[in-house]
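A quick write-up on the structure given underneath.
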Amino acid sequence: MTYDSSNIFAKILRGEIPCHKVYEDADAIAFMDVMPQSPGHTLILPKAPSRNVLDADPAVLAKILPLVQKIAIAAKTAFDADGISVMQFNEPAGGQTVFHLHYHVVPRYDGQPLKSHTGIMEDGAVLSANADKMKKALG
Ligand code: 5GP
């Protein structure tokens, strides 16, 4: 399978569609998931095109994990979480639905099971407020 630059995250990276951004640098971007499995669910993407870890440049992988850590720490603080799930899926059989490499950071709480994807978009005002919380925690 090859990278298809018409995927939704490539469009976000090109600024063709909006997102609730919490972080950006020359190599990566992080923004709120529109269908959060928990408040504060954040996605982290390298800007370099790859479908997932299976075709990613190892140098890109080496650079993205410190950012995933930074976002995870900020999400734990911003959402007063007991823990964080970091998830990353590869190809449809692996649970992937958008084919530009990304990591999920999901705040978790003791005794609370992970919500499944409902397919229902979160309210834009809620995502905006959650992005602000993340930006504040990132400093
Ligand atoms: P995957 O299953 O590919 O790892 O996850 C893709 C994620 O992207 C899902 O959690 C889904 O809610 C999220 N998503 C899908 N479309 C959009 C979009 O247009 N904007 C944002 N911010 N997230 C999206």
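All of the numbers you see were taken from the coordinates with simple rules; none came from a lab. Quick caveat: nothing in here was measured; it's all calculated off a predicted structure. So basically every Cβ, Gly included, is an ideal-geometry build from the backbone, and we count neighbours across all protein chains shown.
Remarks
- The chain: most fluctuating residue of THR42, THR77, THR97 per GNM, C-alpha cutoff 10 Å: THR97
- Under Stokes-Einstein, with the Kirkwood radius over Cα pairs as Rh, the value for the stretch 38-95 at 37 °C and 0.692 mPa s is 258 µm²/s.
- Rg and Dmax, both from the Cα atoms of the stretch 8-138 and both in Å, are 13.9, 39.
- The Cα center of the stretch 55-79 and the Cα center of the stretch 125-139 differ in position by 17 Å.
- Using the Cβ-Cβ distance between ILE73 and ALA125 with R0 set to 25 Å, the FRET efficiency from 1/(1 + (r/R0)^6) comes to roughly 0.45.
- Charge dipole (the stretch 8-138, unit charges on Cβ, about Cα centre) - positive-most of LEU65, ILE120, GLN96: LEU65
- Qualifying chymotrypsin sites (Phe, Trp or Tyr not before Pro) in the stretch 68-139, DSSP loop, other Cβ atoms within 10 Å at most 14: TYR109
- Amide N of the stretch 81-103 lying under 16 Å from the label point, which is placed 7 angstrom from the Cα of GLU16 along Cα→Cβ: 98-101
- Between the Cα long axis of helix 124-138 and the first principal axis of the chain there is an angle of about 90°, rounded to the nearest 10.
- Tilt relative to the chain, helix 58-78 - C-alpha long axis, 0 to 90 degrees, to 10: 10 degrees
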